[in-house]
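First comes the structure, then the notes that go with it.
The values are calculated or read from the model by the stated rules, or taken from the named source; none is laboratory data. Here the structure is a predicted model, which means the values were calculated and not measured. Here the Cβ positions follow ideal geometry from the backbone for every residue, glycine too, while neighbour counts run over all protein chains shown.
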Amino acid sequence: MYETALAVSQISNGAFDITVAPLVNAWGFGFGNHNHSIIPDPDTIMPYIGYKKIKLADSRITKADQRIMLDASAIAKGQSCDVIANLLEENGCENFMVEVGGEISCKGLNPKGEKWHIGIDKPYDDPANENQELQIILAISDVSLATSGNYRQFYLKDGKKHSHVIDPRLGAPVRHNLLSATVIASNCMQADAYATAFMVLGVDSAMEICSRSPEMECYLIYSDEENENKTVYTEGFKRYFSE
């Protein structure tokens, strides 16, 4: 997990960073303090943020400062899917769909003998998860899928929306127009990490990284200047559209 996290951090220029935990906690999306009445000062937290401040050696992670904390929530669910999928394969299962917290690994066909049909939610501001309208339905097999968005976990403060998607380079929630990022890859840990990285990077940078990664495809939903939802996706993603 550390090695995958490091690779995604390097490729995304720090948009993905598992040392983000102190920022997640300070902004009220982690454990402990959920007081949304106080806006944190990123300058007091940023000295303890940065993937280059941790190292892995002899099966141990060492930190440059003991106040550094790790948050693997943007990669661990994907890794869990991979672990379960590998276990099923090792025991001879040829058709399965594993889902952990919305991240998915699948192989073979569903009970109807078709590819697995997976829906991507329309990104409405919906913290209670009451709106189940789908943006699109995909048909996938022998791949993994992960979606990250800023429309479930957020709060409003002084008229501003504070999303749980934190930019570890700036120390604050993202402010751009990307609403949802879906990534399809050969393994779910990679899909999970890049979906989060893309939510931090925004549309243009996400498309640039994904377009030069032949083993990965993405589908992005964003809001335009008229606040209408629009989509953009890599050329290879088209083959997953359900007919």
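Which of the residues spanning the range 139-161 are over 20 Å from Ala193 (Cβ atoms), of a type in the set (A, V, I, L, M) and modelled with pLDDT of 90 or more?
Scanning the range 139-161 gives a single hit, Ala139.
Would you pick out the residues in the range 214-240 that are in contact (Cβ under 8 Å) with a residue 40 or more places away in the chain and outside any strand (DSSP E or B)?
Within the range 214-240, the first condition is being in contact (Cβ under 8 Å) with a residue 40 or more places away in the chain, and the residues that meet it are 219-224, 229, 231, 237, 240.
Listed by number, the residues that qualify are Asp224, Phe237, Tyr240.
Go over the candidates Leu178, Leu170 one by one and state the one that is outside the structural domain of Met46 (by TED's automatic domain parsing) and under 22 Å from Asn229 (Cα atoms).
Details: Leu170 fails: under 22 Å from Asn229 (Cα atoms).
The conditions single out Leu178.
Quickly run through the range 68-94 and pick out the residues that are under 17 Å from Ser105 (Cβ atoms), of a type outside the set (Gly, Ala, Ser) and touching a residue at least 40 places away in the same chain (Cβ under 8 Å).
Residues of the range 68-94 under 17 Å from Ser105 (Cβ atoms): 74-94.
After this cut, where a residue has to be of a type outside the set (Gly, Ala, Ser) as well, the list is 75, 77, 79, 81-84, 86-91, 93-94.
Once the filter is applied, which keeps residues that are under 17 Å from Ser105 (Cβ atoms), of a type outside the set (Gly, Ala, Ser) and touching a residue at least 40 places away in the same chain (Cβ under 8 Å), the range 68-94 yields Ile75, Lys77, Gln79, Cys81, Asp82.
Of all the residues that make up the range 88-132, how many are part of a loop (DSSP other than H, G, I, E, B) and at pLDDT 95 or above?
Going through the range 88-132 one residue at a time, the tally reaches 13.
Could you please tell me which pairs satisfy a Cβ distance under 6 Å, a separation of 6+ or placement on different chains, a first residue in the range 18-31 that is within 17 Å of Pro47 (Cβ to Cβ) and free of Cβ contacts under 8 Å to residues at least 60 places away in the same chain, and a second residue that is part of a helix (DSSP H, G or I) and of a type in the set (Ser, Thr, Tyr)?
Pro22/Tyr48
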